[in-house]
Every structure is written in structure tokens, then in C-alpha cells.
Amino acid sequence: MNAFNKTIIGLTAITITLACGSSTEKPTEKETDKTPAFNLSQIDSTMSPCEDFEQYAVGNWLKDNPVPESESRWGSFNIVHDANEIKLKAIIEDATKANAKKGTPIQQVGDFYSSALDSTTINELGITPLKPLLAKIDAVTDIQSLVETMTELNRNGSGSIFSYGVGIDSKNSSQYITYISQGGFGLPDKSYYTPKDERGENILVEYTKHITALFALAGDEEAIAKEKANAVVALETDLAANSMSRVESRDPLKTYNKMTVDELQALNPSIDWNALFKKAGLNNIENLVVRHTNYISKLSKVFKTHEIENWKTYMKWHLINDMASNLSHDFESQRFSFYSTTLRGISEMKPRWKRALSKSNGNVGEQIGKLFVEKHFPEESKQKVMDLIGNINTVFKERVEKLEWMGDATKAKALDKLSKFTYKIGYPDNWKDFSSIEISNNTLAQNVMNVNNFGYTENVEKLGQPIDKGEWGMNPQTINAYYNPRMNEIVFPAAILQPPFFNPEADDAMNYGGIGGVIGHEFSHGFDDQGCKSDGDGNLNNWWETQDSINFAERTAKLVNQFDAYEVAEGNHVDGKLTLGENIADIAGITLSYYALEKAMAGKEDPMIDGYNYKQRFFLSWAQVWHSNSKDAAIINQVKTDNHSPTRFRTIGPLTNMVEFHSVFGCEEGKMIAPDSLRVTIW
């Protein structure tokens, strides 16, 4: 649930006897006017909850729900997403018939979707929409004109060589600053360019074939296309060799290298940076942050290693590849073949309307979101969620005050940060004005480029402006949430506030195990191994006493080792360092939510439902939120590139550390109990 500057859920009553450790008395059924929210048929009662809680809680669901051919994984998020798509499709189809005024959200939504459905025009155009930009690349004569042309491509949505943009200054959250980062790879990670096993070698071969195929579709003869593909792979391999790993890039201190333009000029003298920034529309730069100094420095050598024609080929490749999904069917299907089939094991493209909807969400998403919340977001959900947030905040405060491993000085600063948390729920208070974007009903690729141009201009023009504290990093119809360290805020889009994550009619246990765990997770990102480096005002600032930092590192090291041991397909393992922030957030999140539920239930009678007490239902809800099947190719790609652990280990990993879980299910022994010496408790 992190992004750049943001840190990538009708039952029948039965009686359950828990066959694990000490015996548990048969619970007494009690009628409740709450709506049950857990389907008992997904439970595998042949498995002890103390041996494998995921299999126990949702084993039958996992068995009965294989991954569809059109997906890389299948779980609760996908199910909610599919249900959402039906709602969005109805809204968008109405917009296509509205004959609305030009520039209004309804007109832009309806016409963009129509352009994405218009396969006849898209196929007739082929690569034609890209020809003006390809001609600009052809006109490149040297490195300076190459990087200045790169800014033109960036405006239209294609990235290469390196990336840049304006964001909140990590050490001065009251102002914006320009960031420069490594980039320009067509493969998911630098490790893919130096494969160490047969699968990796095959992916690199298939990647070369993919590049060849796209150049051939663009008009090159097969032999020429293959030469170009080899040149691209050689160039990207050199770029990747100088790049920082994903684990290193997680560290906001290592990637905060503030300098003047003159210092940047000295770091990489092969580019006239002032001229480049002028071309990019970045005016009056006083300072900037170079996130990956080694990469930018070594670019000078890579520029000299490869002749200018190969750089032009590389830039054309990224333009064609980045835009392939918006071109004719042969381009779109070729991109699908590599990125979806080879890398993630998806063998079947989704129907055109779903692809059109996905493109619409990606390009006119906020306009869709405005229409979505008008129809599908009950305002009363905001208050219910704020009640959960209030309880979790209180529990977090109480737990920090009682921490044995943290000293009083650090505690005071942690509590200060917690007191400054802000929350956004549902949708923005003020909607952006997109009316100036030209959207037509039969020009998909041009529509996409127009949207990208608007977004690019909006971003670079932030420089020197006041911070927009009302800005959202997700659309309301997105099923997700995030913590933004620069604003010290937690954001919950409307779409996640529905079952199984949140159900206003369900009992408290299900909501605390669902959206409560998500809320606690996002709270915890402010105090994970990277979030803890920022203070309550959003600035990178070491507010920790030395011994407290040592104590924290000892606990998180245990967590790294625990997740390193989790094995997925073909002997691949979870990367405990890459996923550390999310794993800290999961463990802290469910712990905070558990005790917040205890607070909410204080003085109330236990509403026994379907044979389970509220504490048991809390953990069943947690499993229901995360249950998911995944294809081997997808899960292998995930552990190499994603800072989130696979869902199985998000389900069971935190619980093995919780004595509360062991007590609730009567566990005295079993694989769900981590040894005392390895058990992780942080917040």
C-alpha cells in the first residue's frame, strides 16, 4: 500500500470444536441483528488453526477458487474489483449516451471510454499516432538533443534514460522540489538483466523476442528488428548495472541527495542541465534531489559506450512499448504476451470493455471517481470509519506509552507524530478541474497523450507553489489505501469501504479484522523501518535516541529473518528486507486493531455468531481479507519486485507472533506459534 512519496474484505449457524492445544468449550449461540459477514463454507475444518490458520480459515475457498486465465492472482481484492467494475461500467455507459457539454466529467469519461472501445479506428491507425514523436527521435543528433527529446516523450507518457518530477521536499515538507531518479528499463528489476537460473534466462530471451516483434510491427524487417532488440538489451543492461537495488531504494536517507544545478552539472557533465530543465518546463530551480547519484554519474560513461543511433533506437523502443496498449490489436496483444503471459502467467486477455474501463480509470480516473461517489458512497460510512480510527489511535498511544524497549524522550516524539496524523476518507473535498483536456470519442492514443501532457504540466508547475494539502494520490474507486509520510496522512478511498473490508451492517469483529487491520496497517507505516525516519511534520528527521534505534533494529532483524524463510514457487523466497516495511505494518496493524476491538467491546456482551466468539471472528475476518491464489509466474515476479509479501504470508506471518491469537484459538503448540526467541513484537 506504498507509492512515490507515499508509503505501493448469509451464514448458517454451526458449532465448532477447536482441535488444538487446550480444549475450548462449545460456545453458546446468541441471536444478533448484525449482518453476518463470514461465509463458513470457506473453512477447512480438517486443518487445525494452530497448524495453518490460512488453510483452516479459508482453505475451502482457496480450493474452490483457482486463478482465472485472465488473472495472475485471485482473491478478495479481485472479487471487490470485479463487483466495482459492474458499477463503473453502468456509470460510464450512461456517460457515453449523455451528449454532455465538452470539458465536463461526464463528456470526458464517456468519450474516453468510447475511444478505448473503438477497435476499428484504433486498428486502422496502427502506429500512426506515434509518428510525430518518432520523427522527433529521428532528428536527434547528439546526447543533448537526445535528453531534450526525452522531455517531449515524457510529456506524452513515455519514460526512458532517467525520470524526473516535482514532489514535496522530504526534508522541508512546506515546499516542493525537483527529484531525479534512475529509470529506463523495460524489465521489472535490475536482476532480470543478469539471470541466475533457467527461468530468468528464458525471460531475457523472451524479452529480446518481444522487442524484436514490436519493431517488426512498427515496420522494420525481421533482421533489422532483431539487431535493434539486441542493441536495446545491451544498453539497458549497462543502465541496470549502475542502478540501486529495490532494497537500497527503500531508504529515504540514502536517496536524499540535495544539490545545486552546478553540483549536478559536475556529477554528470555530459548533459547541459540548465538547458534540459528549460526544455522540461522546470523553471527557477535552486536545488534538487538526486535520488540515485551513482546512476546519474555513470550515465556519462554509458552515453559514450553506445553510439547515438542505438540511443535513438532505445528511445523509440520505450515510446512504442509504453504506448503499445493504446495502439492496434497486434501491438496490444504483443505487449500482453510478454508482460502478462511470460512474466505473470496470464494466458487470456480480458474482454475489451474491461480493458477499456481499465484505461479509463488510468486516464480519467478522478472524473470517474466523482460520478462513482455520487452514486455509491454512503456518507455515513465516513463517521463509522472515523470511530474505528479514533479507537486505533487511542490504542496506539497507549501501547507506545507502555513500550519497554523505548525510552521516554523517543516516546514523546512518537506520540507527537501520532497526534499530528490527518485523515482523508472517501473522496477529495475539492475536485480538480480537467476541463481543458481535449478528449474525443475516436482517438484513444491521442487522448492518452493529451491526459499525460496535462498531468506533466500540472506536476512541473507545482515548483514554487504552496503545498496542495487537499491532493489525493488515489482515485475514490481504487480498492486500496495509503500512508503519505510527507503529509503524515492516511487516505482511504471510497471503494475500500465495502465488504469484506468494511460492512456497516456487520458485527464489530468483522470490521476490526477487516478495515481495522488496514487502518492499523497504514498507521504503522508512519513508524515502520522507513516511516520512522520522518517526524510529525513530514520531514526526514532522526527523532530517535541511539539505544531506541538499536532496540528497534534488533526487533526488525528478527522479522527480516522470519520472512526470508518463507518459500514460494520453485524455491524462491520472500525477501525479508524488501518487504520489511509492509511486514511491520501488517503485524502492528492487526495488533492495534485487535486491542481497539477490545476497547470497542468493553462492557458489551459477546455477540456469538455461527459458533464463534468475537475474538475468533476478528482473526477469521483478517484471513478473509487476504485470501488469494496466485500463479507461480506471478508470485515469483512478486517476490523479486514487490515490497508486499505474498498474501499467504501476510495472513499467517503476523499471527505466528501474536500470543493473543494463540490464546483465542487455544494453541499450545503448532506451526502457527513462533518460538519465544524469534517472536516479533514491535508496536
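Got a number for residues in region 570-599 being of a type outside the set (S, T, N, Q), closer than 19 Å to Asp642 by Cβ and buried (at least 16 other Cβ atoms within 10 Å of the Cβ)?
So the count comes out to 13.
Kindly check whether there is at least one residue in region 436-446 that is more than 30 Å from Ser325 (Cβ to Cβ) and either among the β-branched types (Val, Ile, Thr) or outside any helix (DSSP H, G or I) (or both).
For region 436-446, residues more than 30 Å from Ser325 (Cβ to Cβ) and either among the β-branched types (Val, Ile, Thr) or outside any helix (DSSP H, G or I) (or both): absent.
At pLDDT below 95, in contact with a Pro (Cβ under 6 Å, 6 or more places away or on another chain) and not basic (Lys, Arg), is that true of Ile9?
Answer is yes for this residue.
Taking the options Val67, Val58, name whichever one is part of a helix (DSSP H, G or I) and either surrounded by 18 or more Cβ atoms within 10 Å (Cβ to Cβ) or in contact with a helix residue (DSSP H, G or I) (Cβ under 8 Å, 6 or more places away or on another chain) (or both).
Just a single option satisfies the conditions, and that option is Val58.
Would it be correct to say that Ala414 is out of contact with any Asp or Glu (no Cβ under 7 Å at 6 or more places or on another chain), surrounded by 19 or more Cβ atoms within 10 Å (Cβ to Cβ), over 26 Å from Met474 (Cβ atoms) and not β-branched (Val, Ile, Thr)?
Yes: the conditions hold for Ala414.
Restricting to region 41-55, count the residues that are in a helix (DSSP H, G or I) and closer than 12 Å to Phe665 by Cβ.
1
Working only within region 235-262, note down all residues that are among the hydrophobic types (A, V, I, L, M, F, W, C) and either farther than 26 Å from His644 by Cα or buried (at least 16 other Cβ atoms within 10 Å of the Cβ) (or both).
Within region 235-262, Leu235, Leu239, Ala240, Met244, Met259, Val261 meet the criteria.
Does at least one position in region 463-471 carry a residue that is under 30 Å from Leu133 (Cα atoms), out of contact with any Pro (no Cβ under 8 Å at 6 or more places or on another chain), part of a loop (DSSP other than H, G, I, E, B) and at pLDDT 95 or above?
Looking for residues that are under 30 Å from Leu133 (Cα atoms), out of contact with any Pro (no Cβ under 8 Å at 6 or more places or on another chain), part of a loop (DSSP other than H, G, I, E, B) and at pLDDT 95 or above, one finds at least one in region 463-471, hence yes.
Here is a yes/no grid of residues against (1) modelled with pLDDT of 95 or more; (2) assigned to a helix (DSSP H, G or I):
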{"position": "Pro500", "(1), (2)": "no, no"}
{"position": "Ile519", "(1), (2)": "yes, yes"}
{"position": "Gly538", "(1), (2)": "yes, no"}
{"position": "Asp548", "(1), (2)": "yes, yes"}
{"position": "Glu570", "(1), (2)": "no, yes"}
{"position": "Leu578", "(1), (2)": "yes, no"}
{"position": "Ile584", "(1), (2)": "yes, yes"}
{"position": "Ile590", "(1), (2)": "yes, yes"}
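How do the pairs read when you match residues in region 487-501 that are in the same structural domain as Asn39 (by TED's automatic domain parsing) with residues anywhere that are part of a strand (DSSP E or B) and of a type outside the set (Lys, Arg), using Cβ under 6 Å and keeping only pairs 6 or more apart or on different chains?
Short answer, once both residue conditions are applied: Glu489/Thr422; Ile490/Tyr423; Ile490/Tyr483; Val491/Tyr482; Phe492/Ile425; Ala494/Gly426.
Identify, please: which residue in region 320-360 is more than 29 Å from Ala225 (Cβ to Cβ) and surrounded by 19 or more Cβ atoms within 10 Å (Cβ to Cβ) and is, among those, farthest from the chain's Cα centre (by Cα)?
The extreme case among them is Ala356.
The values are calculated or read from the model by the stated rules, or taken from the named source; none is laboratory data. Fair warning: this is a prediction, and the values are worked out from it, not measured in the lab. Because the Cβ atoms are built from the backbone with ideal geometry, glycine has one as well, and the counts that use them run over all protein chains shown.
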